[in-house]
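The structure appears below as structure tokens.
The values are calculated or read from the model by the stated rules, or taken from the named source; none is laboratory data. Note that the structure is a prediction, hence the values are computed from the model and not measured. Cβ coordinates were reconstructed from backbone atoms using ideal geometry, including for glycine residues, and neighbour counts include every protein chain displayed. We work out accessible area using only protein heavy atoms, side chains counted, and drop any ligands, DNA or RNA first. Shrake-Rupley method; radii C 1.70, N 1.55, O 1.52, S 1.80 Å.
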Amino acid sequence: MGRILNFGSLNIDEMFQVLHFVRPGETLVPEKVERIPGGKGLNQSVAAARAGGAVWHAGAVGEDGAFLTALLDSCGVHTELVETVPGLSGKAVIQVDASGENCILLYPGANHGVTEEAVEKALARFGAGDLLLLQNEINRLPEILWEGKRRGMLAALNPSPVTPEVLGLPLEELDFLIFNEIEGEALSGQDRPEGMLEELSRRCPGCRLILTLGKEGAYYRGPEGQRFQPSFAVEAVDTTAAGDTFAGYFFACWLAGYSPEECLEWAAGAAALAVSRRGASVSIPQMGEVERFFGR
């Protein structure tokens with residue numbers, strides 16, 4: 001079974017539970033405030049490890065970030081490739097409204113402090129059969145992607161958030177592209193799922209595509225053809241880490257030898273459990289919980 005190297009972000013999330021998102025000029029008293037570990041990178045590492053994957057995390061935290069690596073350690077993620085750099089860790093200010101939807105302000109902090117030496121040190125330990133997992137919350141993405149491919153790794157990208165920089169990445173070099181409808185429209189210029197999949201398949205013919213649509217389900221398109229996975233009906237209270245949970249579970253299951261259909265099903269089940277709980281990394285279920293959810 002291959003290993004996962006997640007070269008990704010680690011954030012300190014300040015989460016505010018509100019009745020509605022703050023409007024311009026409005027002062028709003030939140031119902032609850034929490035300070036929790038987060039970042040798309042951290043969340044996806046936690047999800048992949050809880051799904052049973054062998055996960056290494058690479059990236060950077062500031063002098064305030066020791067509890068972020070401690071959380072990863074407690075989940076079984078290898079953290080020796082996470083560096084501590086001067087200054088602050090990445091920060092996210094998250095509003096979660098009464099329906100469970102969220103809006104996020106993101107400050108990169110140490111996530112944009114990845115050095116050339118750190119890239120070389122991390123990737124030197126991995127090769128063919130291993131998966132390089134990336135998101136768009138750290139610096140040096142093109143360099144990391146090229147170096148990973150040079151070493152024979154499979155490369156997967158979650159292009160979030162969509163920025164001019166991510167639009168310029170060599171997507172045709174990827175083995176997996178996992179994205180939601182907002183990211184899909186930005187990357188493809190299409191506003192419907194089928195159009196997104198068609199255009200990105202044309203642009204990246206060797207890439208497996210995973211399109212997540214929240215409660216509308218998820219699509220997979222690859223050499224095996226196209227598959228659709230409906231979502232599981234649950235009462236959503238917080239969607240913050242749903243996509244990250246889906247991604248981590250999908251890739252851990254893939255490296256374990258599961259079929260595309262099985263990967264989609266396990267990922268969708270894990271995401272359903274995650275949205276039924278508040279918080280980001282703290283909402284991500286263990287594999288045993290997903291098994292019980294399926295009655296297995």
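Checking A274 against (1) open to solvent by less than 30 Å² (accessible area, probe 1.4 Å); (2) closer than 23 Å to H20 by Cα; (3) part of a loop (DSSP other than H, G, I, E, B), which single condition isn't satisfied?
Single failed check for A274: (3).
Looking at S201, is it within 18 Å of F179 (Cβ to Cβ), surrounded by fewer than 21 Cβ atoms within 10 Å (Cβ to Cβ) and free of Cβ contacts under 8 Å to residues at least 24 places away in the same chain?
Criteria met by S201.
Within the stretch 125-135, can one find any residue that is among the acidic types (D, E), touching a helix residue (DSSP H, G or I) at 6+ places or on another chain (Cβ under 9 Å), exposed (fewer than 14 other Cβ atoms within 10 Å of the Cβ) and not in a helix (DSSP H, G or I)?
Checked against the condition, which is being among the acidic types (D, E), touching a helix residue (DSSP H, G or I) at 6+ places or on another chain (Cβ under 9 Å), exposed (fewer than 14 other Cβ atoms within 10 Å of the Cβ) and not in a helix (DSSP H, G or I), the stretch 125-135 yields no hits at all.
Hey, could you check the stretch 32-48 for residues that are touching a residue at least 24 places away in the same chain (Cβ under 8 Å) and open to solvent by 20 Å² or more (accessible area, probe 1.4 Å) and say which is farthest from the chain's Cα centre (by Cα)?
Only one residue tops the list, namely E34.
Just to be sure, is M1 out of contact with any Lys or Arg (no Cβ under 6 Å at 6 or more places or on another chain), open to solvent by 30 Å² or more (accessible area, probe 1.4 Å) and touching a residue at least 24 places away in the same chain (Cβ under 8 Å)?
yes
Go through (1) within 24 Å of R35 (Cα to Cα); (2) without any contact (Cβ under 8 Å) to a residue 40 or more places away in the chain; (3) open to solvent by less than 70 Å² (accessible area, probe 1.4 Å) for Y107 and report which single condition fails.
Every listed condition holds for Y107 apart from (3).
Kindly indicate the residue of the stretch 67-104 that is of a type outside the set (V, I, T) and over 26 Å from W56 (Cα atoms) and also least open to solvent (accessible area, probe 1.4 Å) among those meeting that condition.
Filtering first and then ranking leaves G100.
How many of the residues in the stretch 150-172 are open to solvent by 60 Å² or more (accessible area, probe 1.4 Å) and assigned to a helix (DSSP H, G or I)?
Residues that pass the stated criteria total 5.
Do we have any residue at all in the stretch 246-253 that's open to solvent by 20 Å² or more (accessible area, probe 1.4 Å) and touching a helix residue (DSSP H, G or I) at 6+ places or on another chain (Cβ under 9 Å)?
There is no residue in the stretch 246-253 that is open to solvent by 20 Å² or more (accessible area, probe 1.4 Å) and touching a helix residue (DSSP H, G or I) at 6+ places or on another chain (Cβ under 9 Å).
What is the one condition in (1) open to solvent by less than 10 Å² (accessible area, probe 1.4 Å); (2) modelled with pLDDT under 95 that A233 does not satisfy?
The number of the failed condition is (1).
Return only the number of the condition from (1) assigned to a loop (DSSP other than H, G, I, E, B); (2) closer than 29 Å to N180 by Cα that A122 does not satisfy.
(1)
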